[in-house]
Amino acid sequence: MGKKIVMNWIRQHYFDRLQLLLLGLAIAFVLNTGITWSLVSTGEISWQVIGIFTLWLGGILGAFFYLRWTRPYQDPLLFPLAALLMGWGMWLVARLAPNFMWRQVIWVILALAVLVVAAVVPARFRPLRKYPYTWMFGGLLLLAATLVFGVNPSGGGARLWLKIPFLPVFFQPSELLKILFIIFLASYFSQQESLKRLQRPGRRFGRLPYLAPLFLVWGFCVTILVWQRDLGAATIFFLVFLTLVYLATGDLQYVGGGILLLLAAGILAYFLFDLVALRIDTWINPWPEADNRAFQIVQSLYALGAGGVFGKGIGLGFPQYIPVVHSDFAFAAIGEEWGLIGTIFVISCFMVLILRGFRIAFQTKWPFDFYLAAGISVMFFAQTLLIMGGVSRLLPLTGVTLPFVSYGGSSLLISSLMLGLLIYLSDRSRREDQFDLHD
Amino acid sequence: MINQKNSEEAKIDLEREDKQQRLVRLESVVIFSFVAVAVVLIYWGVLQTGYLNGRADNPRNVEEALRIRRGRIVDTQEIVLAQNGGTAERQVREYPLPVAEPVVGYYSLRHGTAGIEESLNSILTGDVEDSWQDHWRSVLNQPQVGQDVRLTIDIGLQANAVQLLEGKRGAALVMGMPEGAIRVMASMPTFDPNLLDESFDELVAEEDAPLVNRAAQGLYQPGNILIPFLTAVALEQQDLTTRDVEDRSIMIEMPALLERRWVSADLIGAWERFGLDQPPVIPLPVQEPVALEVENFAEAVRGEDVFTVTPLQVAVAASALGNEGVMIRPQIVSAVQVEDRWQAFDQTEEALENVIAANTAAMLLTSLSVPEENIVEWEAAVRAGPETINSWYVGLFPATDPRFLVVIVLEDEPNPQISRQIGRRLLQLTLN
């Protein structure tokens, strides 16, 4: 027992130091990027840049110290990673879409608040676990509302947003649905697990508990696809669901079947919807239509090619040639201005974040926590893979944001909420490790 | 009861192990996927950069080109003929003295380049052969900076030539001897390269072809302007005697004489000897010479057949007469600026061609000299079409050991006296 206490103390000590060091590096990087951007754009260190950095730093440090106090056993990597990506994204928006700069700063501050609340408040998620269907239904209602009242803040395109009354703010319900979806699945699978544990040996439940929702979720995703033309969200929801089914059952047949269903939906959509056909066509061969239908993806590849290994440096490339670069193509902009070094660094950040998420899932004591942590990690994975693969033509393009980095309030808030929950879970499982001492 | 509890715990442990295994598999999927993204990024960012950056529809090419700080072009006294203005992001090429246009040419992102801007483009844009240097510059994101170029042109004299040609169509060339420095290269009509982008379509459509540098690119029937060269060759082939070439009368008598004594092959040989089948070696876009062909021998001897030459070719050929039979290689660029100092522009080291014997050249100089003017000169009127007569003038000054050579061609000008007036005036101005 004594040994365990010592080990825990050493680990805690080491983790604290590591976290401080990482946060320091993140602050240094964001400061450096801000100064460089200011010098490149105005030739001096502008008050605006100092103001933005101070706000960010205040938010980061406030959240950091509060979390350290309330969640001392938290995973040491998650918060510095989020802080870095948010700060980076902030300058990226300032550089790519200066009109949205202050909005993004406000979103970052709000997101930090959401992150702290999510990491501190949940008392074992009782209300969430208790009424999964209610939450999910609420989310679906909101989504349904976009079908009727949906708008697109930038004018054309998919109408995935709801206008918040009396404020110049739009909200994207499909983002909120992401976390509700994960909570719903976590709740459902953990219930299945306790039911299974109660069953008498010899009697089999069969596959119905997983097959039925499989088709349900598939139908749900197809609905999103058909009504909203939101290719990205539909794919992400389905991938998250498939992965959680796999984690629950270990049965690859579900995954195989699910992927077949996904492909079937994709092929159908290819012939039914112009947007899907466009995305697939330009994925297979963009060059003949480089200045026409494939303009966006080709410009994205040009950005990656122009960046090369070292990148052009912030403000010195031409990522603005990519339409909507500040949201869907932030990763390509990083490729142009920070080069391969930047993009591979971003990939590494997300990989660490996701793998830490899996580790947290593994350390959890309760099935609900397990599925929640795993679901969040997989959500991050699906989203980052789709957009990073999309802009580099590894995968067909789907319009999703790069978590924490892209412009977009809804995405930032929900990503922070999910990360806050991961921080909460990491703290709790290790705190419970401590309680184990008294067993 | 205890048993049951133990089996329950064992079951949970077993499930934990299963889940851990699944998570580990999932981790491999994550790592594999991200590595795949990284590989694709390396593919675009390292292996395909050449293709992507080289594609014509990549807007970065234009942006990069707009940032290049192109070198200046200056005249022999370092008066600026072309320079860059505008902002760091959007450089603009300016031509303070548009009269230099036929030589300097133009640089336009939309319409390309011409003249020195074309022929010395890589020096002016600062394209370095050392790709490491280029790489380093792009890593540091420094704008590409070109080198300055100094021409042999004397812009004051060039302006005089343009004034003398005002209202006419034609070309004027002044070359220093024996070094071959071209002091004047004028072509009329001309245009203002500062306004090229606005007026390009009209310039292309214009019948008078102002975009053509007539001095180096205009092809004209030579008429009798080649007679001294043909005479020199005939003398050396002993088809003539020294008595046949005693005075200026050769300009009148020689065509008929050569028509009797020569065949096509002799004529073609003479043209070849004076390098009229070769483009002049000069860092400037020049017209490729036409094939040495004779359709009608009688007309060909009089220079009114299909064979045509540029004024620059005539100047180079004429230089042999004033340079003891050795053809001079014309120069237009005297130096290139390398790190704040001028470095002589290296042209080919090929030996100059000795086309005729020194005494033959001296003999012709004597017969064509005008002693009271201390000048060697000859002119020609050429039927260039059913309604058009062009005129030529070649002058060398001073008559003994010439230091300047002038060539004038005027389109649609039947009176060669006009060419002579312009040529003589230009020589006078050159001396002052």
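Among the residues of the stretch B:92-109, the ones that are over 21 Å from residue B:160 (Cα atoms), open to solvent by 40 Å² or more (accessible area, probe 1.4 Å) and either of a type in the set (Lys, Arg) or modelled with pLDDT of 90 or more (or both) come to 3 in all. The residue list B:94, B:89 contains one member that is acidic (Asp, Glu) and within 14 Å of chain A (Cβ to nearest Cβ), which is B:89. Residue B:29 meets each of the listed conditions (1) at pLDDT 90 or above; (2) more than 60 Å from the chain's Cα centre (by Cα); (3) within 8 Å of chain A (Cβ to nearest Cβ) apart from (3). Restricting attention to the stretch A:75-104, the residues that are over 18 Å from the mean Cα position of the chain (by Cα) and either in a helix (DSSP H, G or I) or surrounded by 21 or more Cβ atoms within 10 Å (Cβ to Cβ) (or both) add up to 11. For the stretch A:112-119, the count of residues that are open to solvent by 20 Å² or more (accessible area, probe 1.4 Å), modelled with pLDDT of 75 or more and closer than 28 Å to residue A:231 by Cβ is nonzero. In the stretch B:42-57, the condition of being surrounded by 15 or more Cβ atoms within 10 Å (Cβ to Cβ) and over 22 Å from residue A:342 (Cα atoms) is met by at least one residue.
Contact map, the stretch A:284-295: first residue within 11 Å of chain B (Cβ to nearest Cβ) and open to solvent by 60 Å² or more (accessible area, probe 1.4 Å), second residue assigned to a loop (DSSP other than H, G, I, E, B) and at pLDDT 85 or above, Cβ cut-off under 6 Å, separation 6 or more or different chains; pairs are A:291/B:57. The single residue among B:375, B:408, B:389 that is open to solvent by 40 Å² or more (accessible area, probe 1.4 Å) and touching a strand residue (DSSP E or B) at 6+ places or on another chain (Cβ under 9 Å) turns out to be B:389. Annotation: residue B:423 fulfils all but one of (1) small (Gly, Ala, Ser); (2) open to solvent by less than 40 Å² (accessible area, probe 1.4 Å); (3) within 17 Å of residue B:221 (Cβ to Cβ); the unmet one is (3).
When residue A:309 is tested against the conditions (1) facing chain B (nearest Cβ under 10 Å); (2) surrounded by fewer than 18 Cβ atoms within 10 Å (Cβ to Cβ); (3) under 24 Å from residue A:231 (Cα atoms), the lone failure is (3). In the stretch A:321-368, the qualifying residues are those that are in a helix (DSSP H, G or I) and of a type in the set (Lys, Arg), and the one that is least open to solvent (accessible area, probe 1.4 Å) is A:356. Scanning the stretch B:234-278 for residues that are free of Cβ contacts under 8 Å to residues at least 12 places away in the same chain and open to solvent by less than 80 Å² (accessible area, probe 1.4 Å) returns B:241, B:249, B:256, B:265. Which residues, taken from the stretch B:52-75, are within 12 Å of another protein chain (Cβ to nearest Cβ) and not in a helix (DSSP H, G or I)? Correct list: B:55, B:56, B:57, B:58.
The values are calculated or read from the model by the stated rules, or taken from the named source; none is laboratory data. Bear in mind that the values here come from a model prediction, so they are computed numbers and not experimental data. As a convention, Cβ positions derive from the backbone with ideal geometry for all residues, glycine included, and neighbour counts pool all protein chains shown. For accessibility, only protein heavy atoms count, side chains too; no ligands or nucleic acids. Shrake-Rupley method; radii C 1.70, N 1.55, O 1.52, S 1.80 Å.
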